[in-house]
1. I need PHE193, PHE206, PHE288, PHE256 ordered by Cβ neighbour count within 10 Å, fewest first.
2. Using the crude model of +1 on Lys and Arg Cβ and -1 on Asp and Glu Cβ, and no other charge, please compute the dipole size for the stretch 122-228 relative to its Cα centre, in debye to 20.
3. What is the extension gain from SER209 to VAL91, computed as 0.36 nm multiplied by their sequence separation minus the C-alpha to C-alpha distance, in nm to one decimal?
4. Considering the options VAL304, VAL205, CYS244, tell which one lies farthest towards the positive end of the dipole of the stretch 197-335, charges being +1 on Lys and Arg and -1 on Asp and Glu at the Cβ, about the Cα centre.
5. Quote the FRET efficiency, to the nearest 0.05, computed for GLN274 versus ALA312 with a Förster distance R0 of 22 Å and r equal to the Cβ-Cβ distance.
6. Any chance you could list P(r) for the stretch 122-228, counting all Cα-Cα pairs in 10 angstrom bins from zero, rounded to whole %?
7. Taking the Cβ-Cβ separation of ALA127 and THR84 as r and a Förster radius of 30 Å, what is the calculated FRET efficiency to the nearest 0.05?
8. Fewest Cβ neighbours within 10 Å first, please rank VAL122, VAL133 accordingly.
Amino acid sequence: MQKFPIKPGSVGALLIASLLSLALFGLWPATQPIFAADAATASKQVAQAAGETIYVVQRGDTLYSLARRFGTSVDALMRLNHITNANQIYVGQQLRVPSSTTTATPVPATGTPTPAPNATNVWTPPAANQIEVFSPVQAGIYHSPIEIIGFSQTFEGNVNIRLTDAKGTVLAQRNATGGSVDGFAFFHTSIRFTLLEPIAATLDVFESSAKDGSEIHKVSIPLTLQPGQRVIDVNSPTVGASVCSPVVISGYANTFEAVVDVALRQRNNSVIAQSSTQGGNLGIYANFTASFPNAANTPQPRLVSAYAGDPAGRGLIDQTVIPVTLYPAGKSPCP
């Protein structure tokens, strides 16, 4: 075999010296890191680790879509990966997923995304629009902050939110992340405002067209805004949670005569059950809890809500509506 001498000071000599330095000081990686730039051009890369799955985040992924695909919950993914904001994950991020869950569906090399599998097809795409808003509700009365909860499939998962007064002046705006190429997913965020007196307002939830930037799939919700802080916070269940019967609703409230109204509804908002419970009042916030027995033979989409009645009868105050999946007894995750 012919030998090619490497002259001192040449490019080859410098390259070899660099590689030797990396090896000597332990800087050469044991395995090359995986970077996934785009779901349209890269396959889903999944590696097995002890007791768990390592998944590399792709463009368009959200924690909600990944939780559905892997058969787990957003809360479980957040805890396992020490994530504090469910709307903030990034392309190339390696997420730990419980190994007892299902395997992700790969994206074909052709670049055509494959919809995430949904064994039960519980939360099917809405018939009318790419964006479905559960909370806030039409004609509701709200203090700051308002929780915005919905179900969407938009370009790159982007959902735009804008709160305006009757003159069209923008009071607040922000973005959230829902579903994208993998299908529909829940989105959840909040928006704050400051007022000195009650006003009429409109909350717009929409997608910006990738073609020309126009507002598409817009959902407009008329509201009445009140000064001050919201009087009801729902702590459980969380958005998209899997629940069993009885369905337990708990939170924190400061309402007129301490009364908190709660309801369990079908996806079309028809009431299954409703009742009242006690929280705090007279400026003192206190915990509240209520439950609804609801036997189901198959997994079902359900809406749970908590709100306060207006003493003057003008409407419902700070109603938050949370989508969940109700599972029957004996079917995971229900004993």
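1. Ascending Cβ contact count within 10 Å gives the list PHE256, PHE193, PHE206, PHE288.
2. With Lys and Arg at +1 and Asp and Glu at -1, about 160 debye.
3. That pair, SER209 and VAL91, stretches by 40.3 nm at full extension.
4. Positive-most Cα among the choices belongs to CYS244.
5. Once the sixth-power term is evaluated, E becomes 0.60.
6. Going from the shortest bin to the longest, the percentages are 15, 48, 28, 8, 0.
7. According to the calculation, E is roughly 0.30.
8. With the sparsest Cβ surroundings first, the list reads VAL122, VAL133.
Each value in this text was obtained by applying a stated rule to the coordinates, not by laboratory testing. Predicted model only: the values in this text are computed from it and were never measured. Heads up, the Cβs are rebuilt from the backbone with ideal geometry, glycines too, and the neighbour counts pull from every protein chain shown.
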